[in-house]
Amino acid sequence: MIEKDAAVTEDELHALVDGELPADRQEAVAAWLAAHPDDAERVAHWRAQAEAIRARYGAVGSEPVPDRLKIERVMRQRAPGWRWSAAAAAAVVAAFVAGGTVGWLARGAAAAPGNGFEMLAQDALTAHKLYIAEMRHPIEVKAGETHLVPWLSRRVGAELKPPDLSALGLRLLGGRLLPGPSGPAALFMYEGASGERFTVYASRTASPESALRFKVEDRAAAFYWVLNQVGYVVSGPADRNRLRTVVNSVYEQTEQAKG
Amino acid sequence: MVNSVAGFRQSVEAAIPALRRYARALVRNADVADDLVQDTLVRALRSEHLFHGGDLRSWLYTILTNLNRNRLRTLARRPTLVPIEDHDAAAAGTESGQRDIARALDSLVEEQRAALLLVVLEGLSYRDVAEIQGVPIGTVMSRLARARAQIRAHLDGQRPALRRIK
């Protein structure tokens, strides 16, 4: 038998599958597989795995490159430092999308921002639920009024800019001033084509910057984070895909405003 | 070989589709994957002076792999949201093999997943992967072996194999 000079190792079986087996071992390995059906079956399974992986992801390499990854765009970009929090946040949002709408739990108390921030998020979600139900008076000042943003910015003590969510089919209705746990807060309300409402809440906070956190209550859900001493809370219906898109957009716009 | 600034950029540009493919398989979420690619590109273009010739594609894979490792570390330090129930799990029995392979990949630890993907999806040699991961070839081999055994166990619905028997 051929195998007597050198038994075939598992490494060689992998090398065979991956096209790394030296030519002078091909024959020995082939003979080994013919004599060892278990190993032959393993090799077949590994080949099938590789095929499945290529079938699943191979096509990504032929997709058109999205604009933000075009080389001219990338070359104009600043230092990448800021993106990490966004990437982390996106991962958190993704995790939310992958899981159920209710089955989520915030953990990691050691790194968690202080209580004030939790209170702020709770206040925002309560306000969200209270005011989205208002048919006639959901807001205090309409979006068209030029003093809306300067007024809220002045009262809150931070330069606010309600994010533009029109690309997502959400129209800014307007805003209102609210009492917050650590000072005045601004609540901007948006409405979509089918009447669904989202709010963006912003208030100054002494809590340290944080990654995105998530809270769900009844049928409303909120993502919240702290950036540049402003706490942001985005609330909406607990429709995971939709809320995720909205949060991504708000997050990006506040991140950009920062720099 | 890359021997001019324009050539360098062109070579980086040519690698973008492959980087996206690798990143997508590595982290699954498309947005996070493209974030990783974007950061890889920014870093590569800013570090052009650090590139001393050689295989540009391997260098880009190295950056991406390291950035992903940093990302996972950062995520581990931050407050995390943990799923109590996994909706995908309920649907597993009815989904096709493509979905199953994605989930099987998810069940791997990061360095095993990276090693397997670099070899079978990106077609890199064991030697390249060893350089990218900064480990000896033997370690790459054992990562591959563990990855394949784990995927098999996952697909067979068995408990993962605990150790590779030499």
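Taking the criterion of being surrounded by fewer than 22 Cβ atoms within 10 Å (Cβ to Cβ) and small (Gly, Ala, Ser), the residues of region B:107-136 that qualify are B:SER107, B:GLY123, B:SER125, B:ALA130, B:GLY134.
Within region A:141-181, the set of residues being under 25 Å from A:PHE117 (Cβ atoms) and among the charged types (D, E, K, R) comprises A:ARG154, A:ARG155, A:GLU159, A:LYS161, A:ARG176. Screening A:ILE71 against (1) at pLDDT below 90; (2) more than 7 Å from chain B (Cβ to nearest Cβ) leaves a single unmet condition, (2).
Every residue, every condition in (1) more than 12 Å from chain A (Cβ to nearest Cβ); (2) modelled with pLDDT of 95 or more, yes or no:
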position	(1), (2)
B:GLN98	no, no
B:ALA115	no, yes
B:VAL119	no, yes
B:ARG146	no, yes
B:GLY157	yes, no
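Does B:ALA25 satisfy being assigned to a helix (DSSP H, G or I) and under 19 Å from B:ALA102 (Cα atoms)? Judged against the criteria, B:ALA25 is a match.
This table checks each residue for (1) assigned by TED's automatic domain parsing to the domain that holds A:LEU130; (2) outside any loop (DSSP other than H, G, I, E, B); (3) in contact with a Gly (Cβ under 6 Å, 6 or more places away or on another chain).
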{"position": "A:LEU152", "(1), (2), (3)": "yes, yes, yes"}
{"position": "A:ARG155", "(1), (2), (3)": "yes, yes, no"}
{"position": "A:ASP164", "(1), (2), (3)": "yes, no, no"}
{"position": "A:ALA167", "(1), (2), (3)": "yes, yes, no"}
{"position": "A:ALA193", "(1), (2), (3)": "yes, no, yes"}
{"position": "A:ARG244", "(1), (2), (3)": "yes, yes, no"}
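The residues of region B:121-144 that are more than 11 Å from chain A (Cβ to nearest Cβ), β-branched (Val, Ile, Thr) and part of a helix (DSSP H, G or I), listed by number, are B:ILE132, B:THR139. For region A:19-36, the criterion of being within 46 Å of the chain's Cα centre (by Cα), within 12 Å of chain B (Cβ to nearest Cβ), of a type in the set (A, V, I, L, M) and surrounded by 15 or more Cβ atoms within 10 Å (Cβ to Cβ) is satisfied by at least one residue.
All conditions but one from (1) modelled with pLDDT of 80 or more; (2) under 18 Å from the mean Cα position of the chain (by Cα); (3) of a type in the set (A, V, I, L, M) apply to A:ALA211; the one that does not is (1).
Consider A:VAL65 carefully, then state whether it is within 7 Å of another protein chain (Cβ to nearest Cβ), touching a helix residue (DSSP H, G or I) at 6+ places or on another chain (Cβ under 6 Å), at pLDDT below 95 and not in a helix (DSSP H, G or I). For A:VAL65, the condition - within 7 Å of another protein chain (Cβ to nearest Cβ), touching a helix residue (DSSP H, G or I) at 6+ places or on another chain (Cβ under 6 Å), at pLDDT below 95 and not in a helix (DSSP H, G or I) - is met. Among the candidates B:LEU50, B:LEU19, B:LEU36, single out the residue that is without any contact (Cβ under 8 Å) to a residue 24 or more places away in the chain and either within 13 Å of the chain's Cα centre (by Cα) or surrounded by fewer than 17 Cβ atoms within 10 Å (Cβ to Cβ) (or both). Every option except B:LEU50 fails the conditions. Scanning region A:130-150 for residues that are closer than 22 Å to A:GLU255 by Cα and out of contact with any Lys or Arg (no Cβ under 8 Å at 6 or more places or on another chain) returns a single hit, A:PRO150.
The values are calculated or read from the model by the stated rules, or taken from the named source; none is laboratory data. Just so it is clear, the structure is predicted and the values come from calculations on it, not from any experiment. Glycine also receives a Cβ, built like all others from the backbone with ideal geometry; neighbour counts cover every protein chain displayed.
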